[in-house]
Amino acid sequence: MIHISEVATDKIVDMLKDIGGDQYFLRLGVSEDGCSGLSYSISFDDSLEEGDQVIGWGGFQVAIDYASEQFLEGVQIDYKETGMTGGFTIDNPNAKFTCGCGASFRTATYRGKAKKCD
């Protein structure tokens with residue numbers, strides 16, 4: 001379903017250790033938001049919701065809510081450092097249009113609910 005690069009996996013493991021990690025997992029989701037209609041959410045969580053798909057990955061678990069699964073099929077997550085900053089990147093084969101800042105997207109069959117960028 002998803003792929004997380006070795007660099008991103010290492011970064012996530014380090015971040016989980018920093019927050020006291022054994023009970024936490026990575027939560028991936030998509031919400032109706034952003035100037036293109038759909039936005040990603042990546043966070044750490046400690047409670048599963050009904051319908052979550054849970055995937056074991058490189059020493060941690062990933063939870064994806066049922067509604068987000070269709071938008072995240074085939075997603076590749078990486079972590080890139082540029083100069084003094086870094087961040088996670090998401091390459092989504094389902095995204096047919098992304099906004100200029102890259103924070104939101106839409107698919108060929110679903111536009112979401114676009115909101116004006118701030």
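The table for this structure:
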{"item": "Conditions (1) in contact (Cβ under 8 Å) with a residue 40 or more places away in the chain; (2) of a type outside the set (S, T, N, Q); (3) assigned to a loop (DSSP other than H, G, I, E, B); number of the one not met by Ala108", "result": "(1)"}
{"item": "Residues of segment 18-41 classified as surrounded by fewer than 14 Cβ atoms within 10 Å (Cβ to Cβ), farther than 15 Å from Trp57 by Cα and over 16 Å from the mean Cα position of the chain (by Cα), total", "result": "3"}
{"item": "The one condition in (1) surrounded by 16 or more Cβ atoms within 10 Å (Cβ to Cβ); (2) closer than 11 Å to Val30 by Cβ that Thr98 fails to fulfil", "result": "(2)"}
{"item": "Single condition Tyr66 does not satisfy, out of (1) surrounded by fewer than 12 Cβ atoms within 10 Å (Cβ to Cβ); (2) touching a residue at least 12 places away in the same chain (Cβ under 8 Å); (3) out of contact with any Gly (no Cβ under 7 Å at 6 or more places or on another chain)", "result": "(3)"}
{"item": "Considering residues of segment 22-79 that are in contact with a helix residue (DSSP H, G or I) (Cβ under 9 Å, 6 or more places away or on another chain) and among the aromatic types (Phe, Trp, Tyr) only, the residue farthest from Asn92 (Cα to Cα)", "result": "Tyr24"}
{"item": "Residue in segment 75-86 that is of a type in the set (S, T, N, Q) and either surrounded by 17 or more Cβ atoms within 10 Å (Cβ to Cβ) or not in a strand (DSSP E or B) (or both) present", "result": "no"}
{"item": "Checklist (1) at pLDDT 95 or above; (2) aliphatic (A, V, I, L, M); (3) more than 13 Å from Ile4 (Cβ to Cβ) applied to Ile77, failing item", "result": "(3)"}
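The values are calculated or read from the model by the stated rules, or taken from the named source; none is laboratory data. No experiment lies behind these values; they were computed from the predicted model shown. Cβ atoms come from the backbone with ideal geometry, glycine included; neighbour counts cover every protein chain shown.
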